[in-house]
Amino acid sequence: MRGCSGPYQQLLSQLQRQANLTEDTSSLLEPYIQHQDLNTPILRGSCTEHPGAFPSKDALRGLSKQSFLWTVNTTLGRVLKGLVTLQKQLLKPQDLEELETAKRNIQGIRNNIHCMSWLLNGSSETVEPMPTGPGPWLPLTSALGVFQAKLEGCRFLRGYHRFMGSVGWVFREWGESPSRSRR
Amino acid sequence: EYLSLTPESLKVFTNSACQCLQLQWNVHGLPYHQELKMVFQMEISRIRPSNVIWVGNYSTTVKRDQVLHWSWESELPLECATHFVRIQSMVDDAKFPKLSIWSNWSSWEEVHVQDYPGPSTLLVFPKNKLVEEGSSITICYISGINHNNITCYLHNELIHGEQLDPKASAFKLNNVSFFKRSGTNFFCKVNQTDIQNGTTFFVSKVLEEPKNFSCETQDFETLKCTWYPGVDTGLDWNIQHSQSYTLFESFSGKKQSCKHKDSCDWKITQDSQEMYNFTLTAANNLRKRSVNIIFNLSHRVHPMAPHSVHFENRGATTVLMSWKVHVLGNYLTLQCQVELEGNGKVIQHRVDMKVNGEHLFGELVPDTQYVARVRCANAKHFWKWSEWTVENFTTPEAAPSEA
């Protein structure tokens, strides 16, 4: 497939690295907390992931490789929309450059996921789409007020980082070859 | 004789965004089928009718059966207290001195904006308020929880308020300053619970008057206006965009929005006038600032740099330098400054021209590199020099003298 290069093992370790990068809250959540002035114990305490916003680790671990790739790709598609929403709330996007960086990283992960899915297509696994909950979304500011919208943005990013941690975990469980798995 | 013109059908509408009470009423039974000068007195109470917080008058001319309007802005968000309004009137017309007696008060109009808070409710107001740096803002909460169990924070620091009634407290912040584009968070928490709520208010920097506003033309086709915008008063969350700039030219009556925050191009039409009276207005959600200049177009010519510079040798020590300029208007006369640098000396000359310019330099040193520079300006009404155009040339070697 055009743009897909490298053997399975190289692609897998790249995906693992990318997941580790995006799991790190200092890459986006922390700068967001600073920018929105949420840096207090009370407000940090309110910045918790909405249950069901992102697939849990156990749910991801229970999927076939193809379903897992499909679920991660779909979820990251929604995350991209969420990041665009957060960016629109800024007067100048460059005030929170980490948002743009995160969007590029996510695009990179999704490209690699397409390649991995193409690579695995040789294997017999079928894609059973994961039953998805409401998925990560961000309410319109006008419905909430800016203060609550800030907290919602924070919860959204909290969930995103946790989700990427779980994705990285699952990738680390994948075996050295497309058909084998450590689980 | 005495006539009671008590205001009737008093209705009070609320506007939470501006925290305004909008009154509407009328006066029945106006005599003499003509307009009457009247003064109306309003009383506004908070929490209970007896707690009058504001009294004021409003004078106007009233026609028969006219519906009257008047608005009052509350410093306290309307959600945080019940308000009461009543009104009385008096004829204030020299034609009818005898009628100058206060009428009865209308009945109190009670104004509720927010439902009574439940036992575990904590609501903070106003939402997304925008104020200008240096002004005041009052934030309040209503809650069914005992206010001793509620702690509030501004900028993440503890802040104490004034209790309005058992279910409402207010926090007056004076002389607020700009903190962040993303706003200032004010939030409250119920001790030992997860119940918390808050609001973000936005302090806009004060819009500055544009400085060094000036316009010039390089081609008599476009006027380029520039200015120094001062601080950007834009804020996040689409609360307030960066200030906008518009140009208005009063002789032509034309108006134009400017795409950039520090410059604007204005089309010079063929039939257009010689004199220009420009008003540049900066505006944001809170304020407008304008500056004005009047000028004659030909007094604001900033020519483009000369071009097509050529050198024609006339022997080893003489050179004819020529150049062209972009045609300006109906062949405006330009004065050009020509400089020749070489052999450790700088020679300067002034040359008047319209389209083609030239100058003969003599007494040069053979076989020597020279740097020639030329720039031009409006000869009649100087405004600015053009940029320099710089070219090098070398004089030929002198011919061998006959032995």
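Annotations
- When the listed pairs B:37/B:129; A:81/B:259; B:63/B:167; A:150/B:167; B:11/B:172 are checked against a 32 Å cut-off, the alpha-carbon distance exceeds it for B:37/B:129; B:63/B:167.
- Solvent-accessible area lost in complex, 50 Å² minimum, residues of the range A:79-120 relative to chain alone, 1.4 Å: A:89, A:91
- Modelled label reach - residue A:80, point 7 Å along Cα→Cβ, the range A:87-115 residues with backbone N closer than 17 Å: A:87-88, A:99-115
- Calculated FRET value between residue A:30 and residue B:156, using beta carbons and R₀ = 25 Å, to 0.05: 0.95
- At full extension, residue B:175 and residue B:401 could sit 72.6 nm farther apart than now, given 0.36 nm per residue minus the alpha carbon distance.
- Our coupling estimate for the range B:382-398, obtained by passing each phi through the Karplus curve with A = 6.51, B = -1.76, C = 1.60 and θ = phi - 60°, is 5, 10, 8, 6, 6, 5, 6, 10, 10, 9, 9, 8, 10, 6, x, 6, 5 Hz, Gly and Pro reported as x.
- Top positive-direction residue, dipole computed over the protein assembly as shown with Cβ charges, set A:33, B:260, A:115: A:115
- As a ratio to 2.2 N^0.38 Å, the alpha-carbon radius of gyration computed for the range A:8-176 takes the value 1.06.
- In the range B:148-187, Rg over Rh equals 1.01, where Rg is the alpha-carbon radius of gyration and Rh the Kirkwood radius from pairwise Cα distances.
- Measuring nothing but protein heavy atoms, the accessible surface of the range B:47-114 at 1.4 Å probe radius is 46 percent carbon and sulfur.
- For the range B:278-357, average projected area of the Cα convex hull in nm²: 9.2
- Contact order relative to length of chain B, as percent, for alpha carbon pairs under 8 angstrom and 6 or more apart: 9
- For the range A:8-176: accessible area per residue (Å², 1.4 Å): 42
- Across the options A:154, B:206, B:91, the greatest Cα extent toward the positive end of the charge dipole of the protein assembly as shown (unit charges at beta carbon of Lys, Arg, Asp, Glu) belongs to A:154.
- Where a label projected 7 Å from the Cα of residue B:345 along Cα→Cβ would reach, residues of the range B:294-328 with amide N under 15 Å: B:317-319
- Here the 3J(HN,Hα) profile of the range B:120-133, calculated from phi with Karplus coefficients 6.51, -1.76 and 1.60 at θ = phi - 60°, is 10, 9, 9, 10, 10, 9, x, 8, 6, 5, 10, 9, 9, 3 Hz, Gly and Pro shown as x.
- Karplus-derived 3J(HN,Hα), 6.51/-1.76/1.60, for each residue of the range B:255-265, Hz, glycine and proline x: 10, 8, 7, 9, 5, 9, 8, 9, 7, 7, 9
- Shielding by partners for peptide A:43-56, expressed as the average number of C-beta atoms from other protein chains within 10 Å of each residue's C-beta, is 1.
- Relative intensity of the protein assembly as shown on a log10 scale, I(q)/I(0) at q = 0.05, 0.10 Å⁻¹, equals -0.47, -1.01, per a Debye sum over C-alpha point scatterers of equal strength in the absence of solvent.
- Calculated [θ] (222 nm, deg cm²/dmol) that DSSP helices of n ≥ 4 give over the protein assembly as shown, each run adding -39,500 (n - 2.57): -6500 deg cm²/dmol
- At an R0 of 60 angstrom, the distance between the Cβ atoms of residue B:287 and residue B:388 translates into a FRET efficiency of 0.90.
- When the surface is traced with a 1.4 Å probe over the full set of protein chains, residue A:85 keeps roughly 50 Å² accessible.
- Accessible surface buried upon B-A contact (total; probe 1.4 Å; Å², nearest 100): 2100
- Heavy-atom surface of chain B, accessible at 1.4 Å and reported per residue (Å²): 51
- Buried on complex formation within the range B:197-215 (loss of at least 30 square angstrom of accessible surface versus the isolated chain, 1.4 Å probe, ligands and nucleic acids ignored): B:200.
- All-pairs alpha carbon distance profile, the range A:28-82, 5 Å steps from 0, percent: 4, 15, 19, 19, 16, 13, 9, 5, 1
- Long-range Cα-Cα pairs in chain B (distance over 30 Å), rounded percent: 67
- D_trans [Stokes-Einstein, Kirkwood Rh over alpha-carbon pairs] for the range B:262-398, 20 °C, 1.002 mPa s, µm² s⁻¹: 122
- Surface share of carbon and sulfur [accessible, 1.4 angstrom probe, percent] for the range B:246-356: 48
- Theoretical FRET efficiency, 1/(1+(r/R0)^6), r = Cβ-Cβ of residue B:330 and residue B:254, R0 22 Å, to 0.05: 0.40
- Extended-chain gain in nm, criterion 0.36 nm per residue less alpha-carbon gap, residue B:22 and residue B:66: 14.2 nm
- When the chymotrypsin sites (Phe, Trp or Tyr not before Pro) in the range B:244-353 are filtered for DSSP coil states and for at most 13 other beta-carbon atoms within 10 Å of their beta-carbon, the remaining sites are B:251, B:331.
- Measuring only protein heavy atoms, the 1.4 Å probe finds residue B:271 accessible over about 140 Å².
- Ligands, DNA and RNA left out, the accessible area of the range A:8-176 computed with a 1.4 Å probe is 55% carbon and sulfur.
- Ranking of A:118, B:25 by solvent-accessible surface, largest first: A:118, B:25 (1.4 Å probe, protein heavy atoms only, all chains present).
- Links that overshoot a 24 Å alpha carbon limit, given the list A:65/A:88; B:224/B:255; B:224/B:384; B:224/B:288; A:88/B:255; A:57/B:189: A:65/A:88; A:88/B:255; A:57/B:189
The values are calculated or read from the model by the stated rules, or taken from the named source; none is laboratory data. Note that the structure is a prediction, hence the values are computed from the model and not measured. Don't worry about glycine lacking a Cβ; one is built from the backbone with ideal geometry, like all the others, and counts go over all protein chains shown. We work out accessible area using only protein heavy atoms, side chains counted, and drop any ligands, DNA or RNA first. Shrake-Rupley method; radii C 1.70, N 1.55, O 1.52, S 1.80 Å.
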